[in-house]
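Participant: Before I ask anything, here is the structure I am working with.
The values are calculated or read from the model by the stated rules, or taken from the named source; none is laboratory data. Only a predicted model underlies this, so the values are computations on that prediction, with no experimental measurement involved. With ideal geometry, Cβ positions are generated from the backbone for all residues, glycine too; neighbour counts draw on all protein chains shown.
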């Protein structure tokens, strides 16, 4: 038999561009055969939809063959089929319990990676003059991702220097090594060794203050990666509103990159502009509560999601509720 790939291997380009025709559903009428005889029967089988198979077929055929979503990626089409099927009154009347697609949605929605974080830090501070302090800090961060086997442990040790430049202006600098471990290897590596640092410049007014800060290091991924290298600069204005309440406004920029580059694959990155506002209240001497809003405008060098006509930028709105508890500083003499 003649090698069917021989013509392609011997092909000599005569133009600087290439025109290709998708055979599946374009050159050949195979879309209906593929979905009706392969994909849809297996969707019914593995999602336990036998009791509503008639309606499952109708919805799946509509999504994949007879709607504006024809040709959509098979994973978003599956979640769309299940979600639309749940809304059918015939399905509701039969009381069929549908399997959750939450884990699949997290897998296909690359713009929203959920994470759980546990953070531990300890430090020592020493005043060498009335205006200068030095210190050592150890910070451990554990990042977990629901529905994803990856887990990250991040160890940072830093030398810290602080200076009271004037009665209102203060500077803080911190830098040190960072060791990051991965449960699931990335590009064959289970560990990354690098450096982390941060800086802050603060100016105090009578009842308010301005803070400029910068951080570099490993983060949980900011909703777009399972772990990322982050560079972030933030400007914050804060003011004491009442005896118990404080308010703040912030504006900043962050760049997130894949935590390790994989050879042969494009390395995605996200550039994000941030703006937000918040309120906080002290709850005694050892705890405080805060609520905040933040808008993020993200731009990427790759498509942000896997659905058709997906762009490289989007805007998100987030609300945060935070409770913090801490012990009093321990004075070593």
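Participant: Scan the range 42-57 residue by residue and report those that are touching a helix residue (DSSP H, G or I) at 6+ places or on another chain (Cβ under 9 Å) and free of Cβ contacts under 8 Å to residues at least 24 places away in the same chain.
Facilitator: 44, 50, 53, 54, 57, listed by residue number.
Participant: For residue 203, all conditions in the list (1) surrounded by 14 or more Cβ atoms within 10 Å (Cβ to Cβ); (2) at pLDDT 95 or above; (3) under 28 Å from the mean Cα position of the chain (by Cα) hold save one; what is the number of the exception?
Facilitator: Here residue 203 meets the rest and fails (3).
Participant: Now, a different point. When you look at residue 284, is it on the phi > 0 side of the Ramachandran plot, assigned by TED's automatic domain parsing to the domain that holds residue 146 and out of contact with any strand residue (DSSP E or B) (no Cβ under 7 Å at 6 or more places or on another chain), yes or no?
Facilitator: So residue 284 fits the description; yes.
Participant: Would you be able to say whether some residue in the range 207-222 is touching a strand residue (DSSP E or B) at 6+ places or on another chain (Cβ under 9 Å), over 27 Å from residue 136 (Cβ atoms) and either buried (at least 17 other Cβ atoms within 10 Å of the Cβ) or without any contact (Cβ under 8 Å) to a residue 24 or more places away in the chain (or both)?
Facilitator: Scanning the range 207-222, I find at least one residue that is touching a strand residue (DSSP E or B) at 6+ places or on another chain (Cβ under 9 Å), over 27 Å from residue 136 (Cβ atoms) and either buried (at least 17 other Cβ atoms within 10 Å of the Cβ) or without any contact (Cβ under 8 Å) to a residue 24 or more places away in the chain (or both), so the answer is yes.
Participant: Continuing with the same structure: May I ask you to list the residues in the range 187-203 that are farther than 16 Å from residue 234 by Cβ and in contact with a strand residue (DSSP E or B) (Cβ under 8 Å, 6 or more places away or on another chain)?
Facilitator: 189, 190, 191, 192, 193, 194, 195, 196
Participant: Quick check, is residue 7 within 28 Å of residue 147 (Cβ to Cβ) and either outside any helix (DSSP H, G or I) or out of contact with any strand residue (DSSP E or B) (no Cβ under 6 Å at 6 or more places or on another chain) (or both)?
Facilitator: Considered against the rule, which asks whether it is within 28 Å of residue 147 (Cβ to Cβ) and either outside any helix (DSSP H, G or I) or out of contact with any strand residue (DSSP E or B) (no Cβ under 6 Å at 6 or more places or on another chain) (or both), residue 7 comes out as no.
Participant: Using the structure shown, decide if residue 68 is at pLDDT 85 or above and assigned by TED's automatic domain parsing to the domain that holds residue 90.
Facilitator: no
Participant: Moving to a separate point now. Determine if the range 228-243 includes at least one residue that is outside any strand (DSSP E or B), assigned by TED's automatic domain parsing to the domain that holds residue 268 and crowded, with 19+ Cβ neighbours inside 10 Å.
Facilitator: No - not one qualifying residue is present in the range 228-243.
Participant: If you don't mind, there's one more thing I want to ask. Name the residues in the range 27-56 that are part of a loop (DSSP other than H, G, I, E, B) and surrounded by 12 or more Cβ atoms within 10 Å (Cβ to Cβ), would you?
Facilitator: Scanning the range 27-56 gives 30, 47, 48, 49.
Participant: Condition test on residue 152, is it closer than 24 Å to residue 270 by Cα and free of Cβ contacts under 8 Å to residues at least 60 places away in the same chain?
Facilitator: It is false that residue 152 is closer than 24 Å to residue 270 by Cα and free of Cβ contacts under 8 Å to residues at least 60 places away in the same chain.
Participant: Pairs only if they're at least six apart or on different chains, beta carbon under 6 angstrom, first in the range 318-330 and closer than 12 Å to residue 291 by Cβ, second modelled with pLDDT of 85 or more; list them, first residue then second.
Facilitator: 318/294; 319/293; 320/292; 321/291; 322/290; 323/289
Participant: Can you tell me which residue in the range 244-291 is modelled with the highest pLDDT, limited to those that are crowded, with 17+ Cβ neighbours inside 10 Å and not in a strand (DSSP E or B)?
Facilitator: 259
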